[in-house]
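*Asks:* The structure is given below, and queries will be raised subsequently.
The values are calculated or read from the model by the stated rules, or taken from the named source; none is laboratory data. This one's a predicted model, so the numbers in the text were calculated from it and none came from an experiment. Don't worry about glycine lacking a Cβ; one is built from the backbone with ideal geometry, like all the others, and counts go over all protein chains shown. Ligands, DNA and RNA are stripped out before the accessible areas are found, and what is left, the full protein with its side chains, is counted by its heavy atoms. Shrake-Rupley method; radii C 1.70, N 1.55, O 1.52, S 1.80 Å.
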Amino acid sequence: MVLTAATISCGWTPARAQAAGDTLRQSLSLSLGAFNENRRDDADSPLAYAGLGLGERIDYSRNRGGRRWYLSLGAGNATIRPSASGLHTEPEEGFGAFTAGAGTDWRLRGSSARAGEFAVGVELQATVTVARHIYSNQDLTEQTFDFGAVTLAPTARWTRQAGKGAFTASLAMPLLAWVDHPYADMRFANQFVDLRFTPLTRFHEADGMLSYDFIPRGRYGLTAAYRVYVVELDDLQPVRRFTQALTIAVSRRFGPLP
């Protein structure tokens with residue numbers, strides 16, 4: 001399965017003179033693409049659901065020397081159905097996912113063309129998913145459930161030249177997490193958000209990406225990326241979620257080229 005997205009990036013650099021290694025670069029990226037969603041949340045159904053959806057994402061980054069700061073906002077919607085239920089009339093869910101993140105990382109010294117460039121950092125991310133569960137042939141025809149998490153994760157990023165392009169791989173795995181997972185229809189809940197600290201023995205999450213930039217030093221760029229997002233919550237009503245996307249991004253660079 002091939003999912004595509006287009007990204008337009010813009011950047012600017014202050015006019016004052018700076019050392020080449022201390023040049024300030026900023027970029028703003030707008031993306032539109034598709035994702036494949038697989039999820040099971042026992043709060044709304046014992047069945048596993050899967051389907052395709054469309055997503056949007058905005059990314060901002062600020063780079064100076066070996067330090068990078070970044071912000072991101074994302075949203076996606078999909079209609080998902082039981083992946084293997086055997087029911088004559090299958091229920092469905094209107095699924096929505098919303099994310100906001102901020103982080104920083106810094107390049108490690110001692111990198112080489114052969115080994116590549118390594119960077120480590122930290123990221124704060126908030127994720128909210130909303131499932132509008134549609135029942136079939138029942139008096140109660142609809143319920144809405146939500147799942148939210150705020151996480152603090154160490155990050156690792158690796159970049160290496162390959163031919164005329166460059167590979168980049170990144171991974172974030174939280175060490176701290178606060179989770180909101182109500183067991184009832186959120187439309188009738190006593191409070192909208194009830195975040196509770198959840199230890200790593202019960203909550204697991206990983207966000208990884210592998211990309212290849214075909215023109216890393218050009219004014220225009222073309223990047224192919226594969227992203228995987230996994231969440232597991234061992235609760236009274238467990239949650240399992242696996243999201244993947246394959247994107248093609250087109251970028252426009254401004255200011256001094258790297």
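*Asks:* Looking at segment 208-248, which of its residues are open to solvent by less than 40 Å² (accessible area, probe 1.4 Å), modelled with pLDDT of 85 or more, over 17 Å from GLY51 (Cβ atoms) and touching a Ser or Thr at 6+ places or on another chain (Cβ under 6 Å)?
*Replies:* The answer is SER211, ASP213, ALA225.
*Asks:* I've got another one for you. For segment 192-238, give me the residue count where each residue is over 26 Å from ALA166 (Cα atoms) and polar (S, T, N, Q).
*Replies:* The first filter runs over segment 192-238 and keeps only residues over 26 Å from ALA166 (Cα atoms), leaving 192-205, 231-238.
Next, from what is left, pick out any that are polar (S, T, N, Q): 198, 201, 237.
Looking only at that region, the number is 3.
*Asks:* Select from segment 30-48 the residues that are open to solvent by less than 20 Å² (accessible area, probe 1.4 Å) and farther than 24 Å from HIS181 by Cα and list them in ascending order.
*Replies:* Matches in segment 30-48: GLY33 only.
*Asks:* Going through segment 144-171 one residue at a time, which ones are modelled with pLDDT under 90 and surrounded by 19 or more Cβ atoms within 10 Å (Cβ to Cβ)?
*Replies:* Scanning segment 144-171 gives PHE145, ASP146.
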